[in-house]
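Comments concern the structure below.
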Amino acid sequence: MKVSEAIASRKTIRAFKSDPVPRGTVMEILELAARAPSGGNLQPWKVHALFGAARDELVRLTAEARKANPMGEPPEYLIYPPELTEPYKSRRFRIGEAMYATMGIPREDKRARLEFFAGNWEFFGAPVGLIVTIDRIMQQGQWADLGMFLQNVMLLAREHGLHTCPQEAWAVWHRVIRDYLEVPQNEMIFCGMGIGYADESHPVNGCASERAPLEEWMTVRG
């Protein structure tokens, strides 16, 4: 698969098949993804890869915690700016509406929307779950490096016929994750990621996010 094909076919999957993913494939993806650019070669990423019973136990612990606190706790970083301005606010609104429309869930059905959103904390059924952390001393440059590492993971997954779901939603369960995985206090829980085979029969996976046209965000001189 060409890089351009991997980029074009990558999408956030919110319904996975239960088909297992070989452990060796995931290890190969992660090892090669670490060739991501890294300023000063700091390589700020830390990854906990969860398979089988280990993955299921995190899902179970989170489900237990949700009984007392259905939407988790505030994450340790701002996932979105507190006050989104345009055009960002409208973009976020449109993709949310488009996603729920594929399943016929109207805006007023808050319960159904929350129930579907809670699928994040089951990795949307993906058989492999990653939990990604970053040292608290890191700054914006290293967070950018982490993003490039995650992009590598997602594109390499496509090369293997796999799909992914990057999930900042896991950040609201940082206490549960920290206790279960014994994550040191100096590491911040950044996100999770499901890896598996897409269930293309599920309508939500037909949702395609739009991209702003080139002329909207690029200027050319010379």
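Read-outs: derived from the displayed coordinates by stated rules, not from any lab. All of these numbers come straight from a predicted model, not from anything done at the bench. For neighbour counting, all protein chains shown are included, and Cβ atoms are generated from backbone atoms with ideal geometry for every residue, glycine included.
By counting other Cβ atoms within 10 Å of each Cβ, how are C165, C191, C207 ranked from fewest to most?
Numbers: C165 25, C191 20, C207 16.
Result, fewest neighbours first: C207, C191, C165.
At a Förster distance of 35 Å, what's the computed FRET efficiency of R111 paired with E86, Cβ-Cβ distance as r, to 0.05? Don't jump to the answer; show the numbers that get you there.
Working: r = 30 Å, r/R0 = 0.85.
Efficiency for this residue pair is about 0.75.
Do me a favour and compute the ellipsoid semi-axes for the stretch 75-161 from its Cα gyration tensor, root of five times each eigenvalue, largest one first, whole Å. The partial results should precede the final answer.
Values: eigenvalues 143, 83, 41 Å².
They are 27, 20, 14 Å, listed largest first.
Spacing of the modelled spin labels on I137 and S4, each 7 Å from Cα toward Cβ, amounts to 4.3 nm. The equivalent ellipsoid of the stretch 104-153 has semi-axes of 31, 15, 10 Å, largest first, where each one is the square root of 5 times an eigenvalue of the Cα gyration tensor.
For a distance above 18 Å, tell me the whole-number percent of Cα pairs in the stretch 1-108 that qualify.
Numbers: 4396 of 5778 pairs.
Result for the distance tail: 76 percent.
The count of lysine pairs in the chain whose Cα atoms are under 29 Å apart, excluding pairs fewer than 8 places apart on the same chain, comes to 11.
Placing a label point 7 Å from the Cα of L61 along the Cα-to-Cβ direction, the residues of the stretch 107-121 whose backbone N falls under 19 Å of that point are 119-121. Pairwise Cα distances in the chain exceed 31 Å for 21 percent of all pairs.
Cβ-to-Cβ counts within 10 Å put T85, T102 in ascending order as T85, T102, the fewest first.
Among S38, S4, the order by Cβ neighbours within 10 angstrom, fewest to most, reads S4, S38.
Summarised in one figure, the compactness ratio Rg/Rh of the stretch 4-67, Cα atoms and Kirkwood Rh, is 1.04.
Placing unit charges on the Cβ atoms of the charged side chains and taking the dipole of the stretch 3-211 about its Cα centre, the candidate lying farthest along the positive direction among L50, P22, M148 is M148. Note on the stretch 3-211: with charges restricted to the Cβ of Lys and Arg (+1) and Asp and Glu (-1), its dipole about the Cα centre is near 360 debye.
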